[in-house]
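Every number here is computed from the coordinates shown, using simple stated rules; none is lab data. Only a predicted model underlies this, so the values are computations on that prediction, with no experimental measurement involved. So basically every Cβ, Gly included, is an ideal-geometry build from the backbone, and we count neighbours across all protein chains shown.
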Amino acid sequence: MWVFDWLNAFPPLLVYLIIPLAPLAGSLVAGFGGWKLQEQAHWAPLTGVAVSFYLALAVLFQTLHGVDFYGNIYIWAVLGHLQVPIGFDVDSLTALMLVVVTFVSLCVHLYTIGYMHGDPGYARFFSYISLFTFSMIMLVMSNNFLQLFFGWEAVGLVSYLLIGFWFQRESANVAALKAFIVNRVGDFGFLIGIAAIYHYCGSLDYRTVFAMVPHLVGQTVEIIPGHPWNVLTWIALLLFIGAMGKSAQVPLHVWLPESMEGPTPISALIHAATMVTAGIFMVARMSPIYEQSATALTVILLIGSITALFMGLIGLVQNDIKRIIAYSTLSQLGYMTAALGASAFSAAIFHLMTHAFFKALLFLAAGSVIHAMANEQDIRKMGGLRKAMPITYITFLIGGLALSGIPPFAGFFSKDLIIEAVGISTLPGAGWAEFILVAGAFVTALYTFRMFFMVFHGKPRMDPYIRDHLHESPWVITVPLIALAIPAVYAGWAYIGPVGLGHFLDSSLVIAPQFNTIGEIAAHWQGAGVFLVHGLEAWPFWLAVAGIVCAAYFYAWNTGLPEWLSRILSPAAWLLESKYGFDTFNNTVLVRGVIQFGRLFWHVGDEKLIDGLMVNGTAFGIGKLALSWRKVQTGYIYHYAFAMIIGLILFMTYFVIWKG
Amino acid sequence: MNASLLSYSIWIPIVGGLLVLAVGDRRAALARWLALIVSLLAFAVTIPLYTGFDTHTAAMQFSERVSWIPSLNIYYHLGVDGISLWFILLTSFLTVLVVISSWRNVQTRVAQFMAAFLIMEGMMIGVFCALDAILFYVFWEAMLIPMFLIIGVWGGRRRVYATIKFFLYTFLGSVLMLVALLYLYFHSGNSFDLLVYQHTPLGMTAQILIFIAFFVAFAVKIPMWPVHTWLPDAHVEAPTAGSVVLAAIMLKMGAYGFLRLSLPIVPDASHKLAWLMILLSLIAIIYVALVAIVQEDMKKLVAYSSIAHMGFVTLGFFVFDSVAIEGSIIQMLSHGFISAAMFLCIGVLYDRMHTRNIKAYGGVANVMPIFAALMMLFAMGNVGLPGTSGFVGEFMVVLGTYQVNPWYAILAATGLITGASYTLWLFKRAIFGGIVHPEVAALKDLDAREMLVLGTLAAFTLLLGVWPAPFLDIVHTSVQHLVAQIAVSKIPA
């Protein structure tokens, strides 16, 4: 395209390098110059991300024309005989991710100018989110497992820093710590997975590893003696543990709802649109490995489905607007994971993309609401906001319809594609998974529109002072909302063909013939229009409509009903409100257990046994011994003389009797 | 010049230290400046070791060999290879930082304090390049004396208990090493040359006994579980600079001993007893990390964290894989930067608040943002985040050990979780949060001197994390050689 033509004058590697380095430079300027720049600190990060976005578009355009890139920048280290480089793998999958990441990041940067205005950590915030963008770009552009792990942990670090951004708050610090440690549990599996890859493939480079994969088919490993496991299943599951941490799949999901302690812009950027989808991206990137293991795919399918429904259900009983959206994110990540399990990698990436748009939109709109409500996040204290905030209202509605899967909005296409693919899948448990995902459609619509009606419709329930000062947010906030609402409307029907059915992503993905669910859908493909009409006759759509109708009835017209319902269903409500007890279990068993063991080892092991018994005990013992032996040394000559004579006699006896 | 670089590296700080001592305590300012100049000079003479180092050979470089006590065949024999080079540079580099960091917070007996560090620097470098057993032993024991004095004179309240514990532990260990060295002397035809020992055939029983003697000496220094309890006590009582040298350099002596003596001299015993070493390493990684989590004294916490990190080092040694061993060496180097920085950070707080109790802090980031940012970087290094030096060594050790036994790697990798737990929980309690104690509200952020010291360490922590290749290049050939060496049995046929 003509707007990108001038870039051809530069070496391609330079262009690729600038994509991550521009936000990094922005981050450094804001970070080191923040004390001086103060409220002007946004310029460098904003410019950096804008440059990245522009170049990402250029790269996407190139990959559309089949121009890929695979090359190294520098040798990070030489391990044995293996050179481990830092390098880029830029193909269609990477290009798509780059555009999604930089676009949402750009919107969030702009939005932040308004949202964080006046915060003492203004510059620090910009420094962090640009650093995040850099890390995420490094993650998606990587051509090897080392750099992937670098990006993987770096986004985790920035997520930790941003969740705990308001570090004066105890709850924010706890949430940040929890997020980091739970992610580390995932990374633990991920690291072992990388070690296993290194062991079996002798390389960390994607292409070399993928080329080795066919040779590993049928090889087994006995981690537990007597139980041979398929090597590829072992590797695939280890890597997936990493994905479960980052993409918050049950049971490593516990950190995500609490991450809402962070400022809203990062909930949109990190905890909805980009970082949490890193796990989805990773599994798609590793499709050559996953396609060799039906076991791993089944596990992924089931975990994804469970997360999709059961996390959505918790969303029904939440009252914090951000937590509702967070549980929704968990549920949607579950859909993506289920798609991965069904080998519908392109559908997962497609849903990742549409979800990035409409979920970032919902979060930012929620932030706009929170802003207008003077930092109130409880939807029970809102209501009737539609009049004061028309732009927020419309864009939130668009996001909600997209999330609920109402055609022709983006979410409908991506979610229906996933459900259809899971339906075709022949993996054990696929039928059950499909049922769960269809049921999830109702739940999604219900919690989304419960929130929608309670926030924007009905009687205002806030205190009068806030009600009188309600106002639409400034343009830096509404422009990103509109910018995200546009793809939330059209990205579904426009891209389901090229992205969802995967022709665009074909070169990046490997799909085994026996798992080719997307190929089967593509074989009967008659265009987005037919897909839409077909969708109108299917369960998910009608369940979603039912969900919206129920929500409208419960929360806009007959508002007494939900309370009555929760009373007669109190065990279920209790189960949901306690979030199935994951937190209780983790706190009482794991956290307390670790601390108890630490105390035990410290006080009993180190202090009592080692120091008390062995070290000081030895000293004490020697002292005791010396004390008793001292008694022998009386100082009287005749005592010593007597002892010598006895000794002499014994010696002589010995020699005479035994040696003589 | 090149021919006696190692001698300069050893004797410039020692002679310089004596000069500083001669200046006396009355002229504290002069003593400080002289110490700084000596330490810079000593650092400067070690740089050509790096620039002139030949990475293509595993042979000893910059060798010096002069007869010392001819009647006993004892030589003044020095040399470096890829295994020892970084530790010499680390020692001379950190001593500069130690002198700068003690500029103001040491006010009593300044000349003696500075002199102790300079003399200790020379002796530690001596350990890293001695190739004669007696010379090695002399340096090994002699370096304890300055550290003994540093803790005993400038230490905290329980310093006497700590110094005696420290001294007895390390001294008793070393005596056994001397016995082993003497055995080797007679067995090798009256030679004290460590390089000769590497080619001396030894039966299995002798090897095992020698290994155990070495093990006791080195395990105490590292320290390995269960002979580690002197370290937290010593750290708690030591002044900041003492902790820095103790953690960053002295702990490496034991690990270096394994590489220079145990593995090449008694390879068969090393193989035979590897299971024990691996077991103790894994205990260090798991058990000690759990102990670190529940500490309430910041220095104790970092001390236990050091033991856990050194567990990775010894684990890497005893899987006999070149990637793991190189990882161990990088881990030692990285730990030199990060533990030094962590103790300096605690020192910064201690200088201002005179307590190391985590509960006395909270909300430091509010008043010391630059400090908080730098400490966050070091905390992340301690956690082993990719991009910092702390990651490289652990990553390589996990990769290398997986080759031998996946379970070792799995158990070692739990350090990923526990390391994050104790480091970041410390950070949360001490640095984040609202200000509870009025003393914290009055804290001042880093001054230029502190920023210089911590900033330098931060730069190296990042450099080693982002681009470890130049660091590994130095180590590579020597480790390959070592791995080849220990693969060959020395038991006489």
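Side notes on the structure shown:
- Count - residues of the range B:412-444 that are more than 8 Å from every other protein chain (Cβ to nearest Cβ) and small (Gly, Ala, Ser): 6
- Checked against the criteria, residue A:439 counts as surrounded by fewer than 21 Cβ atoms within 10 Å (Cβ to Cβ), of a type outside the set (Ser, Thr, Tyr), touching a residue at least 24 places away in the same chain (Cβ under 8 Å) and assigned to a helix (DSSP H, G or I).
- Only residues that are assigned to a helix (DSSP H, G or I), at the interface with another protein chain (Cβ under 8 Å from one of its Cβ atoms) and under 18 Å from residue A:276 (Cβ atoms) were counted in the range A:162-176, giving 1.
- Wholly enclosed helices (runs of 4 or more DSSP H) of the range B:268-335 bearing at least 3 residues crowded, with 24+ Cβ neighbours inside 10 Å: B:289-293, B:298-317
- For the residues A:555, A:640, the requirement of being touching a Pro at 6+ places or on another chain (Cβ under 8 Å), assigned to a helix (DSSP H, G or I) and more than 14 Å from every other protein chain (Cβ to nearest Cβ) singles out A:555.
- Residue identified as within 24 Å of residue A:477 (Cα to Cα), within 14 Å of chain B (Cβ to nearest Cβ) and in contact (Cβ under 8 Å) with a residue 12 or more places away in the chain among A:115, A:111, A:122, A:74: A:122
- Residue within the range A:189-203 that is farther than 27 Å from residue B:367 by Cα, more than 8 Å from chain B (Cβ to nearest Cβ), in contact (Cβ under 8 Å) with a residue 12 or more places away in the chain and not in a helix (DSSP H, G or I) present: yes
Table: residues versus (1) in contact (Cβ under 8 Å) with a residue 40 or more places away in the chain; (2) in contact with a His (Cβ under 8 Å, 6 or more places away or on another chain); (3) in a helix (DSSP H, G or I); (4) crowded, with 19+ Cβ neighbours inside 10 Å.
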residue: B:183; (1), (2), (3), (4): no, no, yes, no
residue: B:186; (1), (2), (3), (4): no, no, yes, no
residue: B:208; (1), (2), (3), (4): yes, no, yes, no
residue: B:214; (1), (2), (3), (4): yes, no, yes, yes
residue: B:225; (1), (2), (3), (4): yes, no, no, yes
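- Residue that is small (Gly, Ala, Ser) and either within 59 Å of the chain's Cα centre (by Cα) or under 29 Å from residue B:417 (Cα atoms) (or both), where the choices are A:546, A:626, A:643: A:546
- The listed residue being surrounded by 11 or more Cβ atoms within 10 Å (Cβ to Cβ), without any contact (Cβ under 8 Å) to a residue 40 or more places away in the chain and among the small types (Gly, Ala, Ser), out of A:598, A:647: A:598
- Some residue of the range A:114-130 being in contact with an Asp or Glu (Cβ under 6 Å, 6 or more places away or on another chain) and either charged (D, E, K, R) or closer than 24 Å to residue A:285 by Cβ (or both): no
- Under the condition of being of a type in the set (S, T, N, Q), under 24 Å from residue A:4 (Cβ atoms) and surrounded by 21 or more Cβ atoms within 10 Å (Cβ to Cβ), the residues counted in the range A:26-61 number 1.
- Whenever a residue of the range A:275-304 is without any contact (Cβ under 8 Å) to a residue 40 or more places away in the chain, it has no partner that is in a helix (DSSP H, G or I) and surrounded by fewer than 24 Cβ atoms within 10 Å (Cβ to Cβ) lying with C-beta atoms less than 8 angstrom away and at least six residues away or across chains.
- Taking the criterion of being under 21 Å from residue B:80 (Cβ atoms), in a helix (DSSP H, G or I) and of a type in the set (A, V, I, L, M), the residues of the range B:1-39 that qualify are B:3, B:5, B:6, B:10, B:12, B:14, B:15.
- Here residue B:272 fits the description: over 30 Å from residue B:351 (Cβ atoms) and either more than 14 Å from chain A (Cβ to nearest Cβ) or free of Cβ contacts under 8 Å to residues at least 12 places away in the same chain (or both).
- For the range A:129-149, the tally of residues that are within 12 Å of another protein chain (Cβ to nearest Cβ), touching a residue at least 24 places away in the same chain (Cβ under 8 Å), in a helix (DSSP H, G or I) and touching a Gly at 6+ places or on another chain (Cβ under 8 Å) stands at 4.
- Counting only residues that are of a type in the set (Phe, Trp, Tyr) and within 22 Å of residue B:44 (Cβ to Cβ), the range B:113-148 holds 3 of them.
- If only residues of the range B:393-403 that are buried (at least 24 other Cβ atoms within 10 Å of the Cβ) and either farther than 21 Å from residue A:135 by Cβ or within 7 Å of chain A (Cβ to nearest Cβ) (or both) are counted, the one that is nearest to the chain's Cα centre (by Cα) is B:393.
- Cβ-Cβ under 7 Å pairs, at least 6 apart or on other chains, the range A:522-534 side touching a residue at least 40 places away in the same chain (Cβ under 8 Å), far side surrounded by 11 or more Cβ atoms within 10 Å (Cβ to Cβ) and among the β-branched types (Val, Ile, Thr): A:528/A:496; A:531/A:496
- Residue within the range A:602-610 that is within 14 Å of chain B (Cβ to nearest Cβ), surrounded by 10 or more Cβ atoms within 10 Å (Cβ to Cβ) and under 36 Å from the mean Cα position of the chain (by Cα) present: yes
- Residues that are free of Cβ contacts under 8 Å to residues at least 60 places away in the same chain and farther than 24 Å from residue A:108 by Cα occur in the range A:43-62; there is at least one.
- For the range B:207-219, the criterion of being more than 26 Å from the chain's Cα centre (by Cα), among the polar types (S, T, N, Q) and under 20 Å from residue B:276 (Cβ atoms) is met by at least one residue.
Each row is one residue, and each column tells you yes or no for (1) more than 22 Å from the chain's Cα centre (by Cα); (2) outside any loop (DSSP other than H, G, I, E, B); (3) on the phi > 0 side of the Ramachandran plot.
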{"site": "A:328", "(1), (2), (3)": "no, yes, no"}
{"site": "A:333", "(1), (2), (3)": "no, yes, no"}
{"site": "A:343", "(1), (2), (3)": "no, no, yes"}
{"site": "A:349", "(1), (2), (3)": "no, yes, no"}
{"site": "A:360", "(1), (2), (3)": "no, yes, no"}
{"site": "A:364", "(1), (2), (3)": "no, yes, no"}
{"site": "A:367", "(1), (2), (3)": "no, yes, no"}
{"site": "A:412", "(1), (2), (3)": "yes, yes, no"}
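- Residue within the range B:363-378 that is under 28 Å from residue A:138 (Cα atoms), within 20 Å of the chain's Cα centre (by Cα), of a type outside the set (Asp, Glu) and at the interface with chain A (Cβ under 10 Å from one of its Cβ atoms) present: no
- Any hit, the range B:404-411, residues being facing chain A (nearest Cβ under 8 Å) and either in contact (Cβ under 8 Å) with a residue 12 or more places away in the chain or among the basic types (Lys, Arg) (or both): no
- Here residue B:28 clears all of (1) surrounded by fewer than 18 Cβ atoms within 10 Å (Cβ to Cβ); (2) farther than 30 Å from residue B:196 by Cα except the condition numbered (1).
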